[in-house]
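The values are calculated or read from the model by the stated rules, or taken from the named source; none is laboratory data. What you see is a predicted model; the values in this text were computed from it and never measured. No Cβ is skipped: glycine too gets one built from the backbone with ideal geometry, and neighbour counts run over all protein chains shown. Each accessible area value is taken on the protein alone, full model and side chains, heavy atoms only, with ligands, DNA and RNA left out. Shrake-Rupley method; radii C 1.70, N 1.55, O 1.52, S 1.80 Å.
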Amino acid sequence: MTAEVESSSAVGAGGRDSRLGPLIITLFGLYARGEHNWLSVASLIRLMADLGVEGQAVRSAVSRLKRRGVLRGERHGGAAGYAVADATLEVLEEGDIRIFERNRAAADDGWLVVVFSVPESERDKRHALRTALTRLGFGTAAPGVWVAPGILADETRRTLQRLELTPYVDIFTGDHFAFGDLRAKVSEWWDLDELTALYADFLERYQPVSERAAAGAIAPQEAFAVYLPMLTEWRRLPYRDPGLPLTLLPAGWKGDTAGALFERLDKALREPARAHALAVVHTS
């Protein structure tokens, strides 16, 4: 799963509007792909009800995703449902790697530099490029010059090819040769204070859950109700923090602490949440 589709915070009872889209995409990413890439409307509504979301709000959010080409309507055995669109499947598969493997660059991995120039008559392409690079986790070194760890080279190339933005872009790899303190520059190119706050919020929200999960105190239905919003909230963070080398980050970087918490929650909650979800899917 990936931040190429807008993420959201955990949603409570009565959640609606654009906040539901990311939750629904997480749901399809987790459970539809292993079920012939399809979920019935009935199972979708039942599962979202476990998150306190009303059926009409779910139908409205799914309709928006269908209009955007993220999902497509299909009927299986006479039952109405939805599948993940082919382009979305590709994005989700790429996102799985970044979200669950959490690769981090080393100082000697070098840097990726993207330079683009878009004619004024194609300002929509300029916006699309900035959006794509932001979602990949690039920092801005100067107007039209974007920087990321070198480990993102292949993913960046694939993303720009998929979005048909390559005619406007040049990509370079290399080292920071001179001048100035690179650690100070990284703090200018990325908003590390904002990232720290996001990680701190995740830690505060989910540390108590981790303690309960480790004690075996969470049943499958509750595991699902916790895991789906938790993963939806987490999946934007590995894109905001593109795996910068630890030597260039503030001491005691909260990203590593939050990442370790995510791994514990994923290990404790994934299977019971899946058991509950598939029980609903197979009986709806």
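Results, tabulated for the structure shown:
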item	result
Close pairs (6 angstrom Cβ cut-off, 6 or more residues apart or separate chains): farther than 16 Å from Ile151 by Cβ in the stretch 165-193, exposed (fewer than 15 other Cβ atoms within 10 Å of the Cβ) and hydrophobic (A, V, I, L, M, F, W, C) anywhere	Asp170/Val115
Members of the stretch 159-182 that are in contact with a helix residue (DSSP H, G or I) (Cβ under 7 Å, 6 or more places away or on another chain) and farther than 22 Å from Arg123 by Cβ	Thr173, His176, Leu182
Failed item, numbered, when Ile97 is tested on (1) more than 18 Å from the chain's Cα centre (by Cα); (2) modelled with pLDDT under 95; (3) aliphatic (A, V, I, L, M)	(1)
Scan of the stretch 243-276 for residues that are open to solvent by less than 30 Å² (accessible area, probe 1.4 Å), part of a helix (DSSP H, G or I) and aliphatic (A, V, I, L, M), ordered by number	Leu248, Ala258, Leu261, Leu265, Leu269, Ala273
Any hit, the stretch 214-231, residues being in contact with a His (Cβ under 6 Å, 6 or more places away or on another chain) and without any contact (Cβ under 8 Å) to a residue 60 or more places away in the chain	yes
Unique match (being of a type in the set (Asp, Glu) and in contact with a Gly (Cβ under 9 Å, 6 or more places away or on another chain)) among Asp191, Asp181	Asp191
Residue within the stretch 69-78 that is farther than 30 Å from Tyr168 by Cα, part of a helix (DSSP H, G or I) and either open to solvent by less than 80 Å² (accessible area, probe 1.4 Å) or not β-branched (Val, Ile, Thr) (or both) present	no
Residues of the stretch 208-226 that turn out to be under 18 Å from Leu51 (Cβ atoms) and in contact with a helix residue (DSSP H, G or I) (Cβ under 6 Å, 6 or more places away or on another chain), as a count	8
Test set (1) open to solvent by less than 30 Å² (accessible area, probe 1.4 Å); (2) in contact with a strand residue (DSSP E or B) (Cβ under 6 Å, 6 or more places away or on another chain); (3) of a type outside the set (Val, Ile, Thr) - Gly55 fails condition number	(2)
In the stretch 217-248, the residues that are hydrophobic (A, V, I, L, M, F, W, C) and within 26 Å of Ala148 (Cα to Cα)	Leu231, Trp234, Leu237, Leu244, Leu246, Leu248
Residue in the stretch 249-262 that is over 15 Å from Leu30 (Cα atoms) and of a type in the set (Val, Ile, Thr) present	yes
Pair list, Cβ under 6 Å, 6 or more apart: the stretch 71-85 residue within 13 Å of Ser284 (Cα to Cα), other residue open to solvent by 50 Å² or more (accessible area, probe 1.4 Å) and not in a strand (DSSP E or B)	none
